[in-house]
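The values are calculated or read from the model by the stated rules, or taken from the named source; none is laboratory data. Fair warning: this is a prediction, and the values are worked out from it, not measured in the lab. Here the Cβ positions follow ideal geometry from the backbone for every residue, glycine too, while neighbour counts run over all protein chains shown. Just the protein is used for accessible areas: all its heavy atoms, side chains included, with ligands, DNA and RNA removed. Shrake-Rupley method; radii C 1.70, N 1.55, O 1.52, S 1.80 Å.
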Amino acid sequence: MGYQVDRPNAKCTLIAEIGINHNGDLAIAKKLIDMAKEFRCDYVKFQKRDINVVYTQELLAQTRESPWGTTQRQQKEGLEFGLAQYKEIDAYCKKVGIGWFASAWDLNSQKFLRQFECDRNKIASAMLTHLSFLEEVASEGKHTYISTGMATYDNIDKAVNIFEQKKCKFTLLHTISVYPCAENQTNIAVMLALKERYKCPVGYSGHEAGILPSVLAAALGASAIERHITLDRAMYGSDQAASLERRGLEILAGFVHGFEGAYGDGVKTFDEGERGVAKKLRYFE
């Protein structure tokens, strides 16, 4: 019987968050989907908002220069996909063979997403304290990733209680809601604290520019790793600088998939490969 490790030979779900890094362009979204598929990500994730619910009319009327105009409303409308675009995303993901889901930032958007019958849900950190929204999501019974940024343990306790009462499977994702986040602020050890406190699967949602914290999270047994991806960090958008470009995703995916084999089962062996070397190197019995 080997040493009991947390995740012997288990799979770490790799989620490539496209979010709003598509900048309202389906061609960019498809390129990002292709990139995620190439490096064997399990899912791509988007974000969906009803901007008239999420933002006040006063904010939407404020000035903001963007590729879509001069107001906050024009900028935020430019970043949102509607029904036609999500139908195309759904069809394209099925065509290339990758799962997708989205984090809704309001109840209208959650109801909108139901028509696509995705097999995962996501609670963004910003929505963690919206308890009636959590009730609605948990009632769907889909495995849900719950980000825990900007939260106290009291906040997380209430969210976990809702999902447990609804008997809805969930994974808690440790995250620091700073964009981008410095690597020395990621505090990956919190992932282990969450696992000890809630006795549930845990993972990591990173917003740092590099990959070291994500690799550490995978080595510590993360059930899921979620990272924003982009074609180019210099592109327009608030999340681009906190995202991985192609090479970064390639390296991270290599580490995550490599851990699945390298971690092993904890059983100490002395197999034929080592026996052959021992015959050459040991001059004594």
Stretched fully, the stretch from Lys95 through Tyr153 gains (0.36 nm per residue minus C-alpha distance, one decimal, in nm) 16.8 nm
Residue separation between Phe284 and Lys167 times 0.36 nm, minus their alpha-carbon distance, gives in nm 36.1 nm
If every Lys and Arg gets +1 and every Asp and Glu gets -1 at its Cβ, then about the Cα centre the chain yields a dipole, in debye to the nearest 20, of 500 debye
Taking r as the C-beta separation of Phe116 and Lys31 and R0 as 25 Å, the FRET efficiency to the nearest 0.05 is 0.75
Sparse-neighbourhood loop hits (chymotrypsin sites (Phe, Trp or Tyr not before Pro), the range 211-285; DSSP loop; Cβ within 10 Å at most 15 others) -> Tyr236, Phe270, Tyr283, Phe284
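Given the Cα-Cα distance of Glu65 and Leu212 and 0.36 nm per residue of separation, how much length would full extension add, in nm?
Numbers: separation 147, 0.36 × 147 = 52.92 nm, distance 3.46 nm.
Between Glu65 and Leu212, full extension yields an extra 49.5 nm.
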The size of the Cβ-based charge dipole (Lys, Arg +1; Asp, Glu -1) of the range 182-260 about the Cα centre, to the nearest 20 debye, is 200 debye
Distance in nm between Cys200 and Glu260 label points, each 7 Å along Cα→Cβ, equals 2.5 nm
Counting only protein heavy atoms and rolling a 1.4 Å probe, one gets per residue an accessible area for the chain in Å² of 49 Å²
Between the modelled labels at Arg40 and Glu250 (7 Å from Cα along Cα→Cβ) the distance in nm is 1.6 nm
Listed by chain and number, the aspartates and glutamates with an alpha carbon less than 19 angstrom from that of Lys158, same-chain partners under 8 positions apart left out, are Asp106, Glu135, Glu136, Glu140, Glu196
In the chain the accessible area split gives carbon plus sulfur, as whole percent at 1.4 Å, a share of 53 percent
Val54 and Leu131 label points (each 7 Å along its Cα→Cβ direction) are spaced in nm at 2.4 nm
Expected vector for the range 183-190, Karplus 3J(HN,Hα) from phi with 6.51, -1.76, 1.60 and θ = phi - 60°, integer Hz, x for Gly and Pro, equals 4, 7, 10, 6, 6, 4, 4, 4
Farthest towards the positive end of the dipole of the range 21-142, among Ser125, Gln75, Ala36 and with Cβ unit charges of +1 on Lys and Arg and -1 on Asp and Glu, lies the Cα of Ala36
One would report the antiparallel percent of DSSP beta bridges in the range 1-116, rounded to the nearest 5, as 15 percent
